[in-house]
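Readers should treat all values here as calculations from the given coordinates under stated rules, not as data from a laboratory. Being a predicted model, the structure only gives us computed values, none of them experimental. In this analysis, Cβ positions are derived from the backbone assuming ideal geometry, glycine residues included, and neighbour counts consider all displayed protein chains.
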């Protein structure tokens, strides 16, 4: 049967409509089902709208107090009233308006931890996150709980807290005395924006890693169950002190509860029992203060005190009895590393002193003494965030992180050159020697293309597997007891054509990307290579490591990361130093599992070289210590480089060159740590030499001194406050942990570990103290305009500043005389004795006569030095010398730290 064309077309059109209708119905059904499916919450999502959803509450900071730019604890409590739950808790900082509910910008960095909850369970997690949202003002943290599907089931933001302003002090209190915190909040210190900032801590809120505890300037341990602190917390506390923290330990009636569980290396006394404070004891006049009205610092009721004996340990550089009654020490100060430990035999926060008006003044006197220079940074000084790991003062380290060209890449370049030569000159030479047909010539070309393509493909594939590069520089400060320490690691990851980066850093650590704003001024790194600025990054805390996932959009980007962790050493590093008749005698015992290279012992203007130390080796030495005058432009790094035959400020990266030997790498690292290789615009050069650095903050005071390069006792390679500093480079990592893993591979790269440790200096025989080894520390400020201009350089117009010079901790010391030098930076701009100046000496200096209990005028010579052969009048009962600096005519004066030299003999 024949079907006409029109009938066939009509039938086809009808069927086409039916087909299209069926397709439309199917699509409509799928869309309707999808809309229906997504309009009805899944079981996990549905729980967000009923009581079975886990709920969270958030508490950020230390009693809602925080510091910008520091790691902040975010405590999140999760209540699960429904079935068992598995998921993740993430924390992100955010910026916004003045009202907490408004979130303008949410950080693209999230810090996470896996959550597993049984039915009806409650769990509290503490996640540490940096209080940072780029150049914007951070307002708080947002906590988000997600289920296994990644769906948010609960969200909560932290309430608006109080931000501690740069330069202000934050005191942490571990105490069960209810009256202690109110006492402290009444204190007003110079250059503070308000009353003292105080936050209470307990066993649960006490951090477990030193980086977080750096939020605090002072910790007070008073009537507290110290045995509830873990071993990790106590070790971390010691590390915090060694890195510059101030720990005040209060004895009194409850000394066993508070001080008994402390390890010996944190307690400068041996407590023996209890007694009553002798009647008529002054508790505030130990800094040479005049008490008005008279006897106002004598307690009306005798409090119970703890009796103790000063403990002489190598773990403390110097132990000084500040106040005593007969043979009972009442206030003891001990220096450990860069920090201080204070012991108080009486408890101002407990009855009967808690209701005594003078108790607050005693706290103020102790704190002002302990904080010293930190209080002289003007509240009007311009402050800058120094970045993670103080990257703006150590910016030269970035040069060590830039990956070099790998050997495989070099082979590829050579192969490309050979390929060009083969198809060009080599092929033409062959054809001229042996004339070939066009077909043979084509075969030569195709053969060359095939061979070189196969070689290139193979090498490229191999390069892709081995191209991940991880360079790192680790700076480790070992505690003075040589068994533990803190390490800061700067690392870069380059993974060409790898996409997202998954980095696993072993051990308990706090890690984050380094934001581009801290690197974009650095000539060593191209800003187009930096990908850490704002790229989504997920940091996940695990029991044994920290994982970072960086959403890397640039196939050839360099991802800089910083990681900090506390380490318990495998083995021990220890040493003993004695200065006898201008000779340095001692030994260094390297019981670490790795060798140490290019070891040095440093003093303020001098050093000795110890060379190589094998693992398990003890090096004994007897070296004459030459007296050197400070050179204003030369740091210790310059002097060490010159001894090694290299120029001062050796840093070949500035000339686009690489160090060729390990010694050159080490000298370049010393230069970087001394501020070479990176100039910050706000500091008009290196922030280490043109500003004051304090923890994570840089202060540009705006003041000037005639010679801004003058070095007093300050040098970036020295551990502040230590009598001597040991430094070396470790052959291997001291963590005892495997290397970081990147995308499930162990990357290639160069790794450097630099080690520092504070050391105690003992004396024997004729006393010849290295210059600037004994310097004055500020104990009292009676001036509203006194300020620190640069490290160790001060100015004032009105009032006075008191300094204390402590004699070396020598049991049997005979002193025939001493000399105190107070540099006048106007008349001698490059230090005492430098140049000839016609300026009038407008500095008035006094010294405290302990015999007369009054201040006497000092008459310095032309070199700003005061010498006396009657030391017994000016050395206090606890081997303390007090001096006072003021302006003669209410004119602005500039001066340096007082220094002490002794003519004496240490009798065996």
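Below is a table of values for the structure above.
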| read-out | value |
| --- | --- |
| Alpha carbon centroid spacing (whole Å) that separates region 344-374 from region 580-620 | 41 |
| Relative contact order computed over region 70-158 (Cα-Cα under 8 Å; 6+ residues apart), in percent | 39 |
| Three-way shape label, region 70-158, alpha-carbon gyration tensor, a/c 1.5 | prolate |
| Region 120-255 pair-distance distribution - Cα-Cα, 5 Å bins, rounded % | 2, 8, 14, 18, 18, 17, 11, 7, 4, 2, 0, 0 |
| Simple spin-label estimate for residue 784 and residue 543 in nanometres, 7 Å along Cα-Cβ | 6.0 |
| Segment residue 296-residue 625, extension gain: residue separation times 0.36 nm, minus the distance between their alpha carbons | 113.5 nm |
| At R0 = 25 Å, FRET efficiency that the Cβ-Cβ distance of residue 162 and residue 568 yields, to 0.05 | 0.10 |
| Protection proxy ranking of 156-163, 721-728 - average other beta-carbon atoms within 10 Å, highest first | 721-728, 156-163 |
| Shape category assigned to region 774-906 from the gyration tensor of Cα positions, a/c cut at 1.5 | prolate |
| For peptides 385-392, 869-876, sequence by mean Cβ density within 10 Å, most packed first | 385-392, 869-876 |
| Order by protection proxy (mean Cβ within 10 Å, highest first), peptides 580-587, 215-222 | 215-222, 580-587 |
| Spin-label model distance (nm) - residue 849 vs residue 737, 7 Å beyond Cα toward Cβ | 6.1 |
| Region 187-299: C-alpha gyration tensor shape, a/c 1.5 cut-off, then a/b vs b/c | oblate |
| Relative contact order of region 559-625, pairs being alpha-carbon contacts under 8 Å that are 6 or more residues apart, as % | 31 |
| Inter-probe distance in nm under a simple model that places probes 7 Å from Cα toward Cβ, at residue 119 and residue 654 | 7.0 |
| Antiparallel DSSP beta bridges within region 170-376, as percent of all bridges there, nearest 5 | 50 |
| Relative contact order (%) - region 240-355, alpha-carbon pairs under 8 angstrom, separation at least six | 37 |
| Cα pair count fraction exceeding 21 Å, expressed as % - region 170-376 | 50 |
